[in-house]
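*Asks:* First, the structure itself, so that you have it in front of you.
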Amino acid sequence: MPIIVRETKTTLPPMAEGIHICRCYGIVDIGEQYSEKYGKYARKGVILWEVSDERYTDRDGVDRPRTISREYALSLNEKSGLRKMLEQWRSKKFTAEELDGFDLQRLLGLACQIQIVNTERNGNLYPDMTGILAVPKGTEVPAQENENIYFDWDGKSAAELTEAMAVLPEWIQKKIRDSRSFAELESSPAVDGFMPAEEDDLPF
């Protein structure tokens, strides 16, 4: 009798649609990714938020907040999704000086309101972030539970990068390994990093 094995998939139930209070806990540079839509490569990043009022039980039986993420081109040009998202979150446009360089690490630990809508893909419902807003003053925001994740390339070798990304979700690790930047890094001892922006007195 043959021993049949199959892929085991775990699908969480859909999140409640509507507005949720969240905290940003992850900023990950995933390198140059190819866009089928635009037919070119662009440096991209993933931003992760924990959704405080949506919970699940992990493999160790620990109750944890669910998470949601979005991928953005790492650009602040006037048409970029990242710029639009940040300006919605800030409730304020970027100044010309800020557009010269904004350090995304400043987002870690900050609270926001995220609009979540469930979208069907391949027969399953997945939560999508469709909007973001600042948290009104006086709103009680739950404490952050996930440890902050900040992942950049910053002169790392391919071996160092592989070791550093062990803390990342597997699907993000795969994106990094599949990027053109990682392929180039494997054949080169160095990689250009991002220069942090100078700090100012804005919340972020």
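The values are calculated or read from the model by the stated rules, or taken from the named source; none is laboratory data. Computed from a predicted model, the values in this text were never measured in an experiment. Reconstructed Cβ throughout: ideal geometry from the backbone, glycine too, with neighbour counts over all protein chains shown.
*Asks:* Go through the range 17-52 and count every residue that is more than 12 Å from the chain's Cα centre (by Cα), modelled with pLDDT of 95 or more and within 30 Å of P136 (Cα to Cα).
*Replies:* 7
*Asks:* Select the strands (runs of 3 or more DSSP E) contained entirely in the range 50-156, then report the ones holding at least 2 residues which are more than 22 Å from I176 (Cβ to Cβ).
*Replies:* 63-73, 111-121, 124-133
*Asks:* Which condition number does G123 fail, the rest of (1) surrounded by 16 or more Cβ atoms within 10 Å (Cβ to Cβ); (2) modelled with pLDDT under 90; (3) not hydroxyl-bearing (S, T, Y) being met?
*Replies:* (1)
*Asks:* If you don't mind, there's one more thing I want to ask. Starting from the range 60-77, take each residue that is over 18 Å from D103 (Cβ atoms) and list its partners that are among the small types (G, A, S) and surrounded by 13 or more Cβ atoms within 10 Å (Cβ to Cβ), counting only C-beta distances under 6 angstrom and pairs at least six apart or across chains.
*Replies:* Short answer, once both residue conditions are applied: P65/S52.
*Asks:* I would also like to ask the following. Mind listing whichever residues of the range 65-100 are more than 22 Å from I30 (Cα to Cα) and within 19 Å of the chain's Cα centre (by Cα)?
*Replies:* P65, E87, Q88, W89, R90
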